[in-house]
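Here the structure is laid out as structure tokens; the discussion comes afterwards.
The values are calculated or read from the model by the stated rules, or taken from the named source; none is laboratory data. Quick caveat: nothing in here was measured; it's all calculated off a predicted structure. All Cβ positions, even for glycine, are placed from backbone atoms using ideal geometry, and neighbour counts span all protein chains on display. When the accessible area is computed, the model is the full protein with side chains, heavy atoms only, and any ligands, DNA or RNA have been set aside. Shrake-Rupley method; radii C 1.70, N 1.55, O 1.52, S 1.80 Å.
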Amino acid sequence: FKSNINNNNNNNNNNNNKNNNNNKLENNEMATTDNSTYIAPNGFRNKKALLVGINYIGHQKFVLEGCINDTRNVYKVLTEQFYFRPENIRILTDDQTDSTKKPTSLNIRRGIDWLVEGVRPGDSLFFEFSGHGHQIKDDNNDEDDGMDEILLPCDYNSGGGFIRDDFLFEHLVKPIPSGAHLTVLMDCCHSGTGLDLPFIFNIKNPVGTTSNETARNDKAWKTQQASKTKTTGVSRTGEALIVALSGCLDQQTSADARISGSSQGAMTNAFLRALKETNYSISYEQLLIRIRRILNQENKFTQIPQLSYLTEPFPHSQLFSF
């Protein structure tokens, strides 16, 4: 489960009041499906996003404080910097009164189906999840470590259940055709291989090891061979760019922290800060390096963010974009 941390190592932290998570996100309208004529200035024909932030409001334990703020902050960057139109963004947060906009298991699954519906070459899709992640026993023997990674919706403890990494691969990854682009941001515990992608990007990280070296020491890491079995049913030749940025290794937790006077996910904060500090022009490789530096060296978190992807070769020097 995501851990609550008051990050006193950040010099900008103070005693300001927390953001009011009951302030409703604006412009949360169901997206239209006829976007065939729209081409964003950065070249993508159609851009859609599903943003999920869960504070577990009303739960007796494991309540978080920064996940709805994460979704609000991501929404702002998508619309102001990356040409996403508000009507093409679906937002699920548990501070909303509309039952269709709460991040229940059913609504998240429906949201994922909406996100990939009608996807075509040239489209760019984005899925963000900020909340609790966990691990359970693998139920179909496709995991080298015997564990599935799961996302916990707001109704996980009241009959809604959870969302397995197997579901995400089948419903979020497999439908993406060649020439399309999917980016996933998972700010939750045990998320390193939460999308079941077969490759992890190997760089020298701030704590002195490569991500693959760290991953091999992580009992929750799926070997490349085991993960590759997931791609056998994918009907594409590898041209789809599918990338997942995860908050930590499979065996680690991701922090829900107090940073610069605001409650937020440590991973989401580092991700958005890395983009802003480079004027939203940074390569995939440098983005991961900067995120790790912010988290590990500046803010003193121990979680090690991961970048995983579907097919080789990975364009590590290409500018990051949604």
Next on the checklist: One residue is enough: does the range 96-104 have a residue meeting the conditions touching a Lys or Arg at 6+ places or on another chain (Cβ under 8 Å), over 19 Å from residue 253 (Cβ atoms) and modelled with pLDDT under 95?
Outcome noted: no
Checklist entry - Does the range 22-39 contain at least one residue that is in a loop (DSSP other than H, G, I, E, B), more than 16 Å from the chain's Cα centre (by Cα) and at pLDDT 75 or above? => result yes
Checklist entry - For the range 251-285, which residues satisfy the criterion of being among the aliphatic types (A, V, I, L, M) and in a helix (DSSP H, G or I)? => result 266, 267, 270, 272, 274, 275
Checklist entry - Just for the range 79-121: of the residues that are of a type in the set (A, V, I, L, M) and more than 28 Å from residue 239 (Cα to Cα), which one is most open to solvent (accessible area, probe 1.4 Å)? => result 106
Item to check | Criterion (open to solvent by 10 Å² or more (accessible area, probe 1.4 Å) and free of Cβ contacts under 8 Å to residues at least 24 places away in the same chain) met by exactly one of 166, 138, 142, 148 | outcome: 138
Item to check | the range 262-283, residues that are buried (at least 23 other Cβ atoms within 10 Å of the Cβ) and aromatic (Phe, Trp, Tyr) | outcome: 271
Next on the checklist: Can you say whether residue 293 is over 25 Å from residue 165 (Cα atoms), of a type in the set (Lys, Arg), at pLDDT 95 or above and over 18 Å from the mean Cα position of the chain (by Cα), as far as the supplied structure shows?
Outcome noted: yes
Item to check | Tally, over the range 286-322, of residues that are outside any helix (DSSP H, G or I) and of a type in the set (A, V, I, L, M, F, W, C) | outcome: 8
Checklist entry - in contact with a Lys or Arg (Cβ under 6 Å, 6 or more places away or on another chain) and either in contact (Cβ under 8 Å) with a residue 40 or more places away in the chain or of a type in the set (Asp, Glu) (or both) - does that describe any residue in the range 262-273? => result yes
